[in-house]
Amino acid sequence: MACVTCHIPEKAYTDGIAVNNGNNGSPLQRNTPTLINSAFQKSFFWDGRAENILDQISMVFSNEQEFNTGVHEFSTDILKDTTYHVLFKDAFGRISNRNTDIIKAISSYISTLNGFDSKFDKNMRAEEDSFTTEEKLGMNLFMGKALCATCHFMPLTNGTVPPFYAETEKEVIGVPETAENKMLDDDLGFYWRYNKEEHLGMFKTPSVRNSEFTGPYMHNGVYNTLEEVMDFYNKGGGGGMGFDLEHQTLPFDELNLSQEEQQAIIAFLKTMSDTKVDKEKTAQLVLN
């Protein structure tokens with residue numbers, strides 16, 4: 001496996017499937033998130049088990065279902081290709097097989113994958129005035145009645161909390177096991193950290209930027225379309241669907257959004273698609 005096995009540039013650094021297969025051919029536990037703007041997070045993996053991007057990369061190496069190799073083994077093997085001798089010398093001033101240098105190099109690349117050139121960004125910066133009436137309605141609903149922005153904080157639209165952006169929130173929303181919405185997914189999420197009941201099924205709030213390119217959605221890839229996602233939230237999440245969720249952090253009440261309002265929110269979400277991500281998912285994303 002390689003990073004690009006799951007994080008494909010042509011698919012906004014996701015993979016377009018519910019869950020990818022690991023190196024042994026069995027499904028991985030969770031859906032592949034985008035890498036775009038991930039450098040600005042303060043928590044990594046869906047369950048928040050890595051506090052920084054360096055730890056995240058290290059854990060992928062050691063995960064038996066993913067790279068399943070020590071970084072030191074990888075570091076030794078990679079230097080058999082003399083092309084890397086020049087690259088390491090340019091980057092670090094020396095030919096290196098240090099674990100830390102390997103991880104720093106990968107994290108440095110990921111940190112360049114920043115996208116703030118969307119229609120939304122250009123309108124917010126007053127570079128253009130191009131929102132349609134439907135998109136304006138969707139933005140007002142996102143910020144207000146639909147409560148989206150109470151978890152998906154601007155401008156990153158993930159759980160990284162303003163104004164200091166020093167922590168990333170996690171939520172219990174009651175994601176189902178299948179799109180039939182009949183059974184709660186059994187993934188424990190953030191429960192691993194403290195073994196507290198209130199953390200059962202708790203996951204990091206992902207970004208909704210580039211969401212038109214990053215489906216399937218939710219930690220388990222249960223929903224294929226943004227319409228299904230909107231329906232889930234409109235019903236009040238898992239609690240609103242009748243699942244026993246004493247500690248759900250999402251309001252249980254139905255949002256009572258009309259179909260027109262739900263489509264307006266989706267139209268607004270699409271304004272946050274970076275223009276350098278080809279809408280047919282065929283052009284490679286190359287950002288700064």
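Under a point spin-label approximation (7 Å from Cα along Cα-to-Cβ), what is the PHE252-ILE17 distance to one decimal in nm?
About 3.9 nm, to one decimal.
Can you classify segment 72-130 as rounded, prolate or oblate using the Cα gyration tensor, where a ≥ b ≥ c are the square roots of its eigenvalues, rounded means a/c under 1.5, and otherwise it's prolate if a/b beats b/c and oblate if not?
Judged from the Cα gyration tensor, segment 72-130 comes out prolate (a/c at least 1.5, a/b above b/c).
Let me have the 222 nm mean residue ellipticity of the chain computed from DSSP H runs of 4+ only, each contributing -39500 (n - 2.57), with the sum over all residues rounded to the nearest 500.
Rounded to the nearest 500, it is -8500 deg cm²/dmol.
Please arrange ARG30, ARG125, ARG209, ARG94 by accessible surface area, largest first, computed with a 1.4 Å probe and ligands excluded.
ARG125, ARG94, ARG30, ARG209
Using a 1.4 Å probe over the heavy atoms of the protein chains, calculate the carbon and sulfur portion of the accessible area of segment 83-202 as a whole percent.
The value for segment 83-202 is 55 percent carbon and sulfur by accessible area.
Let me know the shape class of segment 135-181, please: from the alpha-carbon gyration tensor, a ≥ b ≥ c as square roots of the eigenvalues, rounded when a/c is under 1.5, otherwise prolate if a/b is greater than b/c, or oblate.
oblate
Which lysines does LYS276 reach when only Cα atoms under 19 Å apart count, and residues fewer than 8 places away in its own chain are ignored?
LYS276 reaches LYS11, LYS119, LYS122.
How long are the three semi-axes of the equivalent ellipsoid for the chain, computed from the Cα gyration tensor as the root of 5 times each eigenvalue, in whole Å, largest first?
34, 24, 16
Which FRET efficiency, nearest 0.05, do GLU177 and TYR109 yield, Cβ-Cβ r, R0 45 Å?
FRET efficiency, GLU177 to TYR109: 0.80.
Which aspartates and glutamates have a Cα less than 18 Å from the Cα of LYS42, not counting those fewer than 8 places away in the same chain?
GLU51, ASP55, GLU167, GLU169, GLU171
Mind pulling the angle between the C-alpha long axis of helix 259-270 and the longest principal axis of the chain? Nearest 10 degrees, somewhere in 0 to 90.
Taking the Cα atoms of the chain, the angle to 259-270 is about 20 degrees.
Which GluC sites (Glu not before Pro) in segment 105-183 pass both tests, a DSSP loop state and at most 15 other beta-carbon atoms within 10 Å?
Of the GluC sites (Glu not before Pro), the ones in loops of segment 105-183 whose Cβ has at most 15 other Cβ atoms within 10 Å are GLU127, GLU128, GLU167, GLU177, GLU180.
Roughly how many Å² is the accessible area per residue of segment 21-129, as a whole number, for a 1.4 Å probe?
With all protein chains present, segment 21-129 gives 55 Å² per residue.
The values are calculated or read from the model by the stated rules, or taken from the named source; none is laboratory data. Remember, predicted model here, so these are calculated numbers, not experimental data. Positions of Cβ are generated from backbone atoms using ideal geometry, with glycine treated the same way; all protein chains shown enter the neighbour counts. Heavy atoms of the whole protein, side chains included, go into the accessibility calculation; ligands, DNA and RNA do not. Shrake-Rupley method; radii C 1.70, N 1.55, O 1.52, S 1.80 Å.
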